[in-house]
Structures are given as structure tokens and as C-alpha cells.
Amino acid sequence: MDILARLRDCVDIAHHVPGRIRLKLKNGGAALQATLAAGVEAARFGGALDAVPGVRRIHFNKLARSLTVEYDNRAIPDCAWPDLLANRSSPEAAALLNRLQEHYRQALET
């Protein structure tokens, strides 16, 4: 999932409490902005993220250059997000990645 690799390089966790994480673009996030400029891939990723069981709501704030994800932390353990974004191997991060990949593939097929 190439977009996830690029996402890791371009965002920081700005705030994280159980059930809610806010990601902020780093230093302009030029690489991610270039990647998402096509729009289609961004829409597919957002749709995939929104379709993941346990994700309640996603909100893009273009002005603040952030993405907030509200999630059920019984379905997605809180440690899954930082582990996934730091590319740390953990069962929770692997489960979240598998869910994202599954829904992203489905979005590509539509």
C-alpha cells in the first residue's frame, strides 16, 4: 500500500487519546500533497479508512492540514495507530494494516 508508506513520511501524530487520533502534515507535507494531488488516490484511501470496521468518523481539515479519526478502541486498539505510523511491528498494527489494505483494494476495484 504505497500511499501508507508516503503517509508515514509526511505526518506526525498531533494528538491521541483513546478513540481519537489527529494527524498533522509535517513541514508542509509537500511529498504527501504531491501524492494526493491526483485526488482519486486520496478519495480511495479516505474511503478505505472510513470503511474499516471500528472507524466511526474521519474529518479532513484542509486549513489546519490535519486528519482526525474517531474510532472504537475496542475494535482498534489505541496502540495500533502509533505502531502503524512508526512502522513498528505489533499484532495491533498488523491487524489495522490488513484492514486498511483490504478496504483499499476494494476501493481500487470500484
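All of the numbers you see were taken from the coordinates with simple rules; none came from a lab. Computed from a predicted structure; not experimentally measured. For neighbour counting, all protein chains shown are included, and Cβ atoms are generated from backbone atoms with ideal geometry for every residue, glycine included.
In a DSSP loop and with at most 16 other Cβ atoms within 10 Å, the trypsin sites (Lys or Arg not before Pro) in the stretch 73-110 are R74, R88. For C79, the amide hydrogen comes within under 5 Å of no other amide hydrogen, counting only partners 5 or more places away or on other chains and with H modelled in the peptide plane. Amide hydrogen proximity for R20: with H placed 1.01 Å from N in the peptide plane, the residues at 5 or more positions away or on another chain lying under 5 Å are Y71.
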